[in-house]
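*Asks:* Below you will find the structure I want to go over with you.
The values are calculated or read from the model by the stated rules, or taken from the named source; none is laboratory data. These figures come from a predicted structure and were not determined experimentally. Cβ placement follows ideal geometry from the backbone for every residue including glycine, while neighbour counts extend to all protein chains displayed.
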Amino acid sequence: MKHLSHTLILLPLLLWAGCGDSDTASASGAWVWNLPDTVPPPRVPEDNPMSEAKVELGRFLFYDTKLSGNQTQSCGSCHRQELAFTDGLAQAEGSTGEIHPRSSMSVANAGYAASLTWANPAVVRLEEQALVPMFGEDPVELGMTNMEAELLRRLREVERYSAMFAEAFPNQADPINLDSITKAIASFQRALTSFNSKHDRGSSALTLSEQRGKALFFGGTTEAGVPDALECFHCHGGFLLSQAVDHDGSEFNQQTFINNGLYNLDADGSYPEGNQGLFDITNDPADKGKFKPPSLRNIAVTAPYMHDGSIATLEEVVDHYARGGRMIESGPNAGDGFDNPNKSSFLNGFEITEQEKQDLIAFLRTLTDEELLTNPAFSDPFAQ
Ligand code: HEC
Ligand code: HEC
């Protein structure tokens, strides 16, 4: 029944698109989501509807080094397309050389994040998040603090931008302003959807090894005879492969922050100073080490892993979960993450054979969407 009504609603639209002037939709700049049936569109704020012109303007701004104080960096410096919009570094490096405490995150599918960044429940709109790398001082990323007027001056000097802003924001007399800059960048990021991996083509597209890895990931029984031993899907499930998902029409707040046992300084659950996740916002000791479980889409190209890039490879990630937490023998971060009092009760370790480990990693590699990494619509327009 559900299916039927869906078809009935779609049918007139398809007919309408099929006959008459097929240029109407693109000429008006109406946005068409290119998504599989199983994936709902992202939530789009009412004050920032999608349009082709806005997404294209957002692409230029995302890659424009005029957005950094010393004009050396753009968003794209830390969010590189070929690395699924990450940077390959353990910790990001800002335009003035300052090292960020955390690792750059993929902005593919950022429109679906229940909260943005590694552990801040207050950052939920892409429009607002963009202000952090631009104007933030702790740490310095693009380094534009107090330079808003200078930024607008730089953009107004570029002829192409006058036309692009006017087209993207047709109802504004003077569209080159900070509000429209952040709106355009947000729209570009909402357009960065990524659901065209081998995994999305269904189990029949997978090799036997990948299929076995998929079964283990989603709760299958290990050779040691334990069903659901790996638990991966509990936190990295659903269409986003993250539990912390939001989309158009979703009614529940799916924000979640979890401690996965990376550290246990002083055996009291502490993580390294200044990088304690949700605790840095709430100051509640029970929140030490709690971070957003990221989407595992494109995970094979986004190494190194975790909020601080402290795990280099997928093999080591699996070892980490198999042990149920990381043991650091000596040094300032010494401690056994297995015993972290804030660790999720799902993470107790498991027995895994070498073959099972390879199968699981083979499955994780099927989550790469080559189209995302090469699509010219998402690429750096200044590099051509
Ligand atoms: C110096 C490197 C750097 C630059 C430049 C940079 N970012 Fe980031 N980005 C990061 C890091 C690091 C994080 C994680 C931040 C945290 O958790 O505190 C991040 C996180 C994000 C996220 C959150 C993704 C998610 O799934 O939660 C978005 C969105 C984002 N950046 C967009 C942008 C935009 C837009 C720009 C340009 C205006 C930009 N970034 C510039 C390094 C950078
Ligand atoms: C109880 C929830 C939970 C379970 C179960 C879980 N994870 Fe995670 N995962 C997380 C959290 C939270 C993070 C981020 C932690 C951090 O950075 O401090 C994470 C991070 C990761 C990362 C790094 C992501 C990145 O972008 O750097 C990978 C890879 C990963 N998990 C794979 C797995 C696999 C494979 C399994 C099953 C063996 C699994 N996870 C089980 C919660 C979970």
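*Asks:* Any chance you could count how many residues in segment 77-124 are among the acidic types (Asp, Glu), farther than 16 Å from GLU137 by Cα and assigned to a loop (DSSP other than H, G, I, E, B)? Walk me through it before giving the result.
*Replies:* Restricting attention to segment 77-124, the residues satisfying the condition of being among the acidic types (Asp, Glu) are 82, 87, 93, 98.
From what is left, the residues that are farther than 16 Å from GLU137 by Cα are 82, 87.
Remaining after also requiring assigned to a loop (DSSP other than H, G, I, E, B): 87.
Counting residues in segment 77-124 that are among the acidic types (Asp, Glu), farther than 16 Å from GLU137 by Cα and assigned to a loop (DSSP other than H, G, I, E, B) gives 1.
*Asks:* Tally the residues that are part of a helix (DSSP H, G or I) and away from ligand 2 (no atom under 16 Å from the Cβ), restricting the search to segment 177-209. Spell out how you get there, then give the answer.
*Replies:* Start the filter on segment 177-209 by keeping residues that are part of a helix (DSSP H, G or I), which leaves 178-191, 198-201, 203-205, 208-209.
Those left that are additionally away from ligand 2 (no atom under 16 Å from the Cβ): 178-191, 198, 200-201, 203-205, 208.
The number of residues fulfilling the criteria is 21.
*Asks:* Also: What about PHE350, is it of a type in the set (Phe, Trp, Tyr), crowded, with 16+ Cβ neighbours inside 10 Å and over 22 Å from PHE85 (Cα atoms)?
*Replies:* Details: of a type in the set (Phe, Trp, Tyr): yes; crowded, with 16+ Cβ neighbours inside 10 Å: yes; over 22 Å from PHE85 (Cα atoms): yes.
Yes; evaluated as a whole, the condition is true for this residue.
*Asks:* Just give me the residues in segment 98-121 being more than 13 Å from ligand 2 (Cβ to nearest atom) and among the hydroxyl-bearing types (Ser, Thr, Tyr), in sequence order.
*Replies:* TYR112
*Asks:* In addition: Looking at this structure, is ALA84 within 16 Å of ligand 2 (Cβ to nearest atom), out of contact with any Pro (no Cβ under 8 Å at 6 or more places or on another chain) and aliphatic (A, V, I, L, M)?
*Replies:* Yes; evaluated as a whole, the condition is true for this residue.
*Asks:* Condition first: near ligand 1 (Cβ under 7 Å from one of its atoms), over 19 Å from the mean Cα position of the chain (by Cα) and either among the hydrophobic types (A, V, I, L, M, F, W, C) or within 27 Å of GLU273 (Cα to Cα) (or both). Now tell me which residues in segment 55-93 satisfy that.
*Replies:* LEU67
*Asks:* Looking at the structure I just gave you, is GLY289 within 20 Å of TRP118 (Cα to Cα), assigned by TED's automatic domain parsing to the domain that holds GLY225, over 17 Å from the mean Cα position of the chain (by Cα) and surrounded by 20 or more Cβ atoms within 10 Å (Cβ to Cβ)? Full working, then the answer.
*Replies:* Details: within 20 Å of TRP118 (Cα to Cα): yes; assigned by TED's automatic domain parsing to the domain that holds GLY225: yes; over 17 Å from the mean Cα position of the chain (by Cα): yes; surrounded by 20 or more Cβ atoms within 10 Å (Cβ to Cβ): yes.
The answer is yes for GLY289.
*Asks:* Now for a different question. Evaluate the following for THR313: is it within 30 Å of GLU370 (Cα to Cα), within 12 Å of ligand 2 (Cβ to nearest atom), outside the structural domain of PRO101 (by TED's automatic domain parsing) and buried (at least 23 other Cβ atoms within 10 Å of the Cβ)?
*Replies:* Numbers: within 30 Å of GLU370 (Cα to Cα): yes; within 12 Å of ligand 2 (Cβ to nearest atom): yes; outside the structural domain of PRO101 (by TED's automatic domain parsing): yes; buried (at least 23 other Cβ atoms within 10 Å of the Cβ): no.
No: the conditions fail for THR313.
*Asks:* Still on this structure: Would you please name the residue that is farthest from TYR263 (Cα to Cα), looking only at residues in segment 297-310 that are within 6 Å of ligand 2 (Cβ to nearest atom) and part of a loop (DSSP other than H, G, I, E, B)? Outline the logic, then answer.
*Replies:* Start the filter on segment 297-310 by keeping residues that are within 6 Å of ligand 2 (Cβ to nearest atom), which leaves 299, 302, 305-307.
Restricting the remaining residues to those that are part of a loop (DSSP other than H, G, I, E, B) gives 302, 306-307.
Numbers: THR302: 22, MET306: 12, HIS307: 12 Å.
If we take residues in segment 297-310 being within 6 Å of ligand 2 (Cβ to nearest atom) and part of a loop (DSSP other than H, G, I, E, B), then THR302 is farthest from TYR263 (Cα to Cα).
*Asks:* Oh, and also: Among helices (runs of 4 or more DSSP H) lying entirely in segment 1-72, which contain 2 or more residues that are at pLDDT below 50 and not hydrophobic (A, V, I, L, M, F, W, C)? Give the steps one after another, and end with the answer.
*Replies:* Details: elements: 2-18, 24-27, 52-62.
The qualifying helices (runs of 4 or more DSSP H) are 2-18, 24-27.
*Asks:* Is segment 38-61 home to any residue that is outside the structural domain of GLN254 (by TED's automatic domain parsing), crowded, with 21+ Cβ neighbours inside 10 Å, within 16 Å of ligand 2 (Cβ to nearest atom) and not β-branched (Val, Ile, Thr)?
*Replies:* For segment 38-61, residues outside the structural domain of GLN254 (by TED's automatic domain parsing), crowded, with 21+ Cβ neighbours inside 10 Å, within 16 Å of ligand 2 (Cβ to nearest atom) and not β-branched (Val, Ile, Thr): absent.
*Asks:* Just to confirm my filter: which helices (runs of 4 or more DSSP H) fall fully inside segment 313-384 and include at least 1 residues that are more than 30 Å from PHE188 (Cα to Cα)? Steps first, please.
*Replies:* On the way: elements: 314-323, 354-365, 370-374.
Because the criterion is at least 1 residues that are more than 30 Å from PHE188 (Cα to Cα), the helices (runs of 4 or more DSSP H) in segment 313-384 that meet it are 314-323, 354-365.
*Asks:* Can you tell me which residue is nearest to GLY289 (Cα to Cα) among those in segment 130-149 that are in a helix (DSSP H, G or I) and in contact (Cβ under 8 Å) with a residue 40 or more places away in the chain?
*Replies:* Of everything passing the filter in segment 130-149, PRO133 is nearest to GLY289 (Cα to Cα).
*Asks:* Consider GLY249 carefully, then state whether it is among the small types (Gly, Ala, Ser), buried (at least 18 other Cβ atoms within 10 Å of the Cβ) and assigned to a loop (DSSP other than H, G, I, E, B).
*Replies:* The answer is no for GLY249.
*Asks:* Report the residue count in segment 122-148 for those that are more than 24 Å from GLN255 (Cβ to Cβ) and either within 16 Å of ligand 2 (Cβ to nearest atom) or among the polar types (S, T, N, Q) (or both).
*Replies:* 2
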